[in-house]
Amino acid sequence: MLLKEYRICMPLTVEEYRIGQLYTISKHSHEESDKGEGVEVVRNEPHIDPVHGEGQFTEKRVHLSSKLPSWARAVVPRIFYITEKAWNYYPYTITEYTCSFLPKFSIHIETKYEDNCGDNENIFNTDKNNSEREVCFLDIAYDDIPDRHYKSSEDLRCFASVKTGRGPLKEGWREKDKPVMCSYKLVSVKFEVWGLQTRVEQFVHKVIRDILLIGHRQAFAWVDEWYNMTLEDVRIYVNQMQVATNQKLGCQDP
């Protein structure tokens, strides 16, 4: 198992990001979905947890055969998907990824959101002497992303929000700008297959890093699209995108 803690700061409050996160995930999933490939929503329903209270449970199928590296495509079926199960008790969430074809593969993500600049050193109450846990700060403005995902409209070194007056983000923005919040994500990747474990776990963490950077960049780059939405507004938008995305994939609505 390879365990890392990612910390991604945003020029938003935790309450603002609650709307932005829901909007961004839905819009991104719709944009990335093509016929037969993308994110299919299987279940989306209220859920009550005895510890965390009221929340939302979602189950999705992430169809991505063509997006796998060549060495992986050689060993997986032509029709391939990963199951995502998420329990959202914002500002705390749990997300799990599994694959029926690879029973020894799993990803577990525990997320907490706080209004700070990423300086909570033990937000998950993990053992500070745990040498397996690596802390990785991701800068949504200045860290590199794959060239194929770069869009000038989402370059936060240049982007300025009309509705909030925030941005562009300058060097050191995380310590200087207000408001600021942080997404803390404790990510464990497990692939217990001898000879492939290290290679696969490192590759998956690289993919996760890129996804986290791109998703959080887009949440702020699209802020003027969602900033005036209420929670009810964004849930209506999510349901509309869910139907549209499933139609793109040729799937039935849940």
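The values are calculated or read from the model by the stated rules, or taken from the named source; none is laboratory data. Bear in mind that the values here come from a model prediction, so they are computed numbers and not experimental data. So basically every Cβ, Gly included, is an ideal-geometry build from the backbone, and we count neighbours across all protein chains shown. Ligands, DNA and RNA are excluded from the accessible area calculation, which covers all protein heavy atoms including side chains. Shrake-Rupley method; radii C 1.70, N 1.55, O 1.52, S 1.80 Å.
Here the translational diffusion coefficient of the stretch 207-254 follows from Stokes-Einstein with Rh set to the Kirkwood radius across Cα pairs; for 37 °C and 0.692 mPa s it amounts to 260 µm²/s. With the full set of protein chains in place, find how many percent of the accessible area of the chain is carbon and sulfur; take the probe as 1.4 Å. The C+S portion of the solvent-accessible surface of the chain is 51 percent. In a reduced charge model with +1 at each Lys and Arg Cβ and -1 at each Asp and Glu Cβ, the stretch 162-253 shows a dipole moment near 320 debye about its Cα centre. Computed from label points 7 Å out along Cα-Cβ, the spacing between Val193 and Asn120 is 3.6 nm. Contact order for the chain, expressed relative to its length and based on alpha carbon pairs under 8 Å spaced 6+ residues apart, stands at 34 percent. Whole-Hz Karplus values for the stretch 19-25 come out as 6, x, 5, 4, 4, 5, 4 Hz, taken residue by residue from phi with 6.51 cos²θ - 1.76 cosθ + 1.60 and θ = phi - 60°; glycine and proline positions read x. Straightening the chain between Arg133 and Glu225 buys 29.5 nm, computed as 0.36 nm per residue apart minus the Cα-Cα spacing. Here's the picture: charge each Lys and Arg Cβ at +1 and each Asp and Glu Cβ at -1 in the stretch 99-254, and of Gly195, Tyr142, Leu231 the one pushed furthest to the positive end of that dipole is Gly195. Taking the Cα centre of the chain as reference, the dipole from Cβ charges on Lys and Arg (+1) and Asp and Glu (-1) amounts to some 680 debye. For a 20 Å ceiling on Cα separation, which of these pairs sit above it: Lys176/Lys206; Lys60/Lys206; Lys112/Lys163; Lys85/Lys151; Lys185/Lys206; Lys4/Lys185? Violating the 20 Å Cα-Cα cut-off are Lys176/Lys206; Lys60/Lys206; Lys112/Lys163; Lys85/Lys151. Of Ile8, Asn246, Ser26, which is farthest towards the positive pole of the chain's charge dipole, taken about the Cα centre with +1 and -1 on the beta-carbons of Lys, Arg and Asp, Glu respectively? So the residue we want is Asn246.
Heavy-atom accessible surface of the chain, averaged per residue, reaches 54 Å², computed with a 1.4 Å probe.
Of all aspartates and glutamates in the structure, the ones whose alpha carbon falls short of 12 Å from that of Lys190, not counting any fewer than 8 places away in one chain, are Glu96, Glu201. Over the stretch 96-254, one equal point on each Cα, no solvent: what is log10 I(q)/I(0) by the Debye formula at q = 0.14 Å⁻¹? The calculated log intensity ratios at q = 0.14 Å⁻¹ are -1.00. Whole-Hz Karplus values for the stretch 45-55 come out as 8, x, 8, 10, 10, x, 9, 9, x, 6, x Hz, taken residue by residue from phi with 6.51 cos²θ - 1.76 cosθ + 1.60 and θ = phi - 60°; glycine and proline positions read x. Count Lys and Arg as plus one, Asp and Glu as minus one, and take only other residues whose Cβ is under 12 Å from that of Lys151; the net charge is then -2. The mean sequence separation of alpha-carbon pairs under 8 Å and at least six residues apart, normalised by the residue count of the stretch 1-62, gives a relative contact order of 22 percent.
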